[in-house]
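The values are calculated or read from the model by the stated rules, or taken from the named source; none is laboratory data. Everything quoted here is computed from the prediction, not taken from an experiment. Neighbour counts are summed over all protein chains in view; Cβ atoms, including those assigned to glycine, are modelled from backbone coordinates with ideal geometry. Side chains included, ligands, DNA and RNA excluded: accessible areas come from the protein's heavy atoms. Shrake-Rupley method; radii C 1.70, N 1.55, O 1.52, S 1.80 Å.
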Amino acid sequence: MNHNEIGGCMGHLAGAEGITFCAAIRRLFDEHPPLRQQMDQMVLKAKQITSGVEQDLGVAIRELAEMEKKFKSELEPHSEREEGGLFPVLGRHIGTQFGPIAVMEYEHGEAKRNLALFEERMGEIGQSPAREQVQSVVSPLMTAIGILQEHFMKEENVLFPMAEKVLTEEEKEELLKLFDR
């Protein structure tokens with residue numbers, strides 16, 4: 001079995017300064033664009049809702065809630081691969097109490113907390129929200145999206161390249177096996 005068949009490095013990625021990522025890191029990296037696209041769509045919908053463009057707030061806010069639900073269902077497995085795989089394995093080299101991994105875990109927690117707050121507020125507004133309620137409902141979702149947009153940039157430009165550099169080939173293969181469970 002050759003190096004590429006067991007999860008070795010492959011392909012260059014733009015935006016990561018020409019760094020070649022192994023299969024496991026590449027997988028995490030490649031999960032970002034579709035998540036980003038969903039975040040962009042939610043931001044657009046949220047702006048339409050809060051600016052008054054949407055006439056039927058009840059329908060529009062429920063559409064936003066459905067978008068968030070779908071997004072969250074796709075974000076959670078990605079986060080689990082990082083929290084249960086990348087962070088602990090990389091943490092063997094750089095520690096987890098302070099530094100990049102501590103920051104990444106904090107940001108995961110803040111994003112999750114804000115998504116939960118959005119969902120909680122959605123449950124409180126009923127079928128016909130008042131226009132003055134909308135901003136307080138949408139605000140935590142927008143906060144979560146802002147956190148995640150910056151978080152993805154940090155991962156792509158700092159954490160993933162760091163992992164590629166410091167992880168051994170065995171650890172990269174271990175990550176890939178963890179991801180495929």
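Quick test of your reading of the structure: Met142 fulfils all but one of (1) modelled with pLDDT of 95 or more; (2) more than 22 Å from Ala24 (Cα to Cα); (3) buried (at least 19 other Cβ atoms within 10 Å of the Cβ). Name the failing condition by number.
That leaves (3) as the condition not met.
Could you tell me whether the stretch 153-172 includes any residue that is open to solvent by 50 Å² or more (accessible area, probe 1.4 Å) and in contact with a Cys (Cβ under 9 Å, 6 or more places away or on another chain)?
Yes; the residues of the stretch 153-172 include at least one that is open to solvent by 50 Å² or more (accessible area, probe 1.4 Å) and in contact with a Cys (Cβ under 9 Å, 6 or more places away or on another chain).
For Lys72, only one of the following conditions fails: (1) of a type in the set (D, E, K, R); (2) surrounded by fewer than 16 Cβ atoms within 10 Å (Cβ to Cβ); (3) closer than 24 Å to Val138 by Cβ. What is its number?
Going through (1) of a type in the set (D, E, K, R); (2) surrounded by fewer than 16 Cβ atoms within 10 Å (Cβ to Cβ); (3) closer than 24 Å to Val138 by Cβ one by one, Lys72 breaks only (2).
Only one residue in Leu64, Leu90, Leu57 is closer than 24 Å to Glu155 by Cβ and either surrounded by 15 or more Cβ atoms within 10 Å (Cβ to Cβ) or of a type in the set (Asp, Glu) (or both), so which one is that?
One residue alone meets the criteria, Leu90.
Mind telling me which of the residues Gln149, Gln133 ends up being in contact with a helix residue (DSSP H, G or I) (Cβ under 7 Å, 6 or more places away or on another chain), over 15 Å from Met42 (Cβ atoms), open to solvent by 60 Å² or more (accessible area, probe 1.4 Å) and part of a helix (DSSP H, G or I)? It would help to see each step written out before you state the result.
On the way: Gln149 fails: over 15 Å from Met42 (Cβ atoms).
Matching residue, one of Gln149, Gln133: Gln133.
Filter the stretch 35-54 for residues that are out of contact with any Phe, Trp or Tyr (no Cβ under 8 Å at 6 or more places or on another chain), assigned to a helix (DSSP H, G or I) and open to solvent by less than 50 Å² (accessible area, probe 1.4 Å) and give the result.
Selection gives Val43, Lys45, Ala46, Ile49.
Any residue at all in the stretch 145-153 that is among the polar types (S, T, N, Q) and either farther than 30 Å from Phe21 by Cβ or under 20 Å from the mean Cα position of the chain (by Cα) (or both)?
yes
Scan the stretch 75-87 for residues that are free of Cβ contacts under 8 Å to residues at least 40 places away in the same chain and open to solvent by 40 Å² or more (accessible area, probe 1.4 Å) and jot them down.
Result: Glu76, Pro77, Glu80, Glu83.
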